[in-house]
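Since the structure comes first, as structure tokens, the remarks are kept for the end.
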Amino acid sequence: MLEQINFTTKSILEKTNDFRPEIGIILGTGLGGLTKEISVAHVLPYESIPNFPVSTVEGHSGKLILGELGGKRVIAMQGRFHFYEGYTMQQITFPVRVMKALGVHTLVVSNASGGMNPNFEIGEIMIINDHINLFPTNPLIGKNIAELGPRFPDMSDAYDKKLVAKAVEIAKNNNIRVSQGVYAGLTGPCFETPAEYRYIGRIGADAVGMSTVPEVIVAKHGGMRVFGVSIVTDLGVDGKIVEVTHEEVQHIAAAAEPKMSFIVKQLIAEM
Ligand code: HPA
């Protein structure tokens, strides 16, 4: 894996005139709008990057966008890889390894989720303050590569408390309603049954989705600082559960996206 990471990193540096990003951004479903705020220096479609997984979803090829946001050099993934698409955990998290090798020290992740917290509203912006890994596996399973991180990485502060506090402050100062909570990540691709929402809520999660946890585990393994934000697109709360569709998830996420993008941009500027 080290060889692949180094080869891909070298290839990206060659294609971008040695652009060295400091902050990595992974944009979730319907949340790609933040890229409009980036002063773009380079765009690399995933299919042009050696060793990058090729997307399984037609018309969703995805790209890396490198440029400046809030005065910082950033690398953003427009389109991420999901476990339910059939990728291995190593494939899903490979871009995070490459970001780290390029010089990224802070990872910002966003996603769409279902909310189990009874105080949540549809469109709620939830700043992630912890997670629960409900995937049946872990991206770090296998021989540990000491150059990439420790065998038993600490997860006691997976979501940087200072960044959480700063984001809450930015939201408050700009009259944007946000909450904080725990994100449970699982495989999908089906949405949850009412009993599953109840179960996931009872074990301590406020929201549930099909991504993020693998990337955050690998970011922490590599010693990166993490900030995460989730848009609650539907409710897994007894009495409020209705049919969920991917289209509805995208629609609600897109509606909340400008507020989320504002917070993230401001946060990056203040980092
Ligand atoms: N469950 C899982 N993933 C999701 C949901 C949900 O209710 N909403 C958006 N992504």
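Read-outs throughout are calculated quantities, based only on the coordinates presented, and are distinct from any laboratory measurement. Just so you know, these numbers come straight off a predicted model, no measurement behind them. Please note: Cβ atoms are built from the backbone with ideal geometry, for glycine as well, and neighbour counts cover all protein chains shown.
The rows are residues; the columns are (1) in a helix (DSSP H, G or I); (2) farther than 30 Å from L44 by Cβ; (3) touching a residue at least 40 places away in the same chain (Cβ under 8 Å).
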{"residue": "I127", "(1), (2), (3)": "no, no, yes"}
{"residue": "H131", "(1), (2), (3)": "no, no, yes"}
{"residue": "I145", "(1), (2), (3)": "no, no, yes"}
{"residue": "F152", "(1), (2), (3)": "no, yes, no"}
{"residue": "L163", "(1), (2), (3)": "yes, no, yes"}
{"residue": "E169", "(1), (2), (3)": "yes, yes, no"}
Exercise. Would you mind listing the strands (runs of 3 or more DSSP E) fully within the stretch 40-125 where at least 3 residues are closer than 30 Å to D157 by Cβ and within 16 Å of the ligand (Cβ to nearest atom)?
Key: 106-115
Self-check item: Qualifying positions in the stretch 211-228 - within 16 Å of the ligand (Cβ to nearest atom) and either on the phi > 0 side of the Ramachandran plot or surrounded by fewer than 24 Cβ atoms within 10 Å (Cβ to Cβ) (or both)
Solution: T212
Quiz item: Among the helices (runs of 4 or more DSSP H) contained in the stretch 171-271, which hold 3 or more residues that are without any contact (Cβ under 8 Å) to a residue 12 or more places away in the chain?
Solution: 194-202
Exercise. Search the stretch 1-28 for residues being out of contact with any helix residue (DSSP H, G or I) (no Cβ under 8 Å at 6 or more places or on another chain) and surrounded by 15 or more Cβ atoms within 10 Å (Cβ to Cβ), and hand back the single one that is farthest from V264 (Cα to Cα).
Key: S11
Quiz item: Within the stretch 77-84, is even one residue buried (at least 16 other Cβ atoms within 10 Å of the Cβ), within 15 Å of the chain's Cα centre (by Cα) and closer than 20 Å to D18 by Cα?
Solution: yes
Quiz item: Which number in (1) surrounded by 15 or more Cβ atoms within 10 Å (Cβ to Cβ); (2) touching a helix residue (DSSP H, G or I) at 6+ places or on another chain (Cβ under 9 Å) marks the one condition that K36 misses?
Solution: (1)
Quiz item: Is it true that some residue in the stretch 109-120 is surrounded by fewer than 16 Cβ atoms within 10 Å (Cβ to Cβ) and within 24 Å of A255 (Cα to Cα)?
Solution: yes
Self-check item: Criterion: farther than 11 Å from Y183 by Cβ, of a type in the set (V, I, T) and touching a Phe, Trp or Tyr at 6+ places or on another chain (Cβ under 7 Å) - qualifying residue of V232, V213, V244
Solution: V244
Practice problem: Starting from residues that are surrounded by fewer than 18 Cβ atoms within 10 Å (Cβ to Cβ) and near the ligand (Cβ under 10 Å from one of its atoms), keep the ones in the stretch 246-271 and report whichever is nearest to E192 (Cα to Cα). | Solution: H246
Quiz item: In this structure, does Y159 turn out to be under 17 Å from L107 (Cα atoms), of a type outside the set (K, R), within 14 Å of the ligand (Cβ to nearest atom) and under 20 Å from the mean Cα position of the chain (by Cα)?
Solution: no
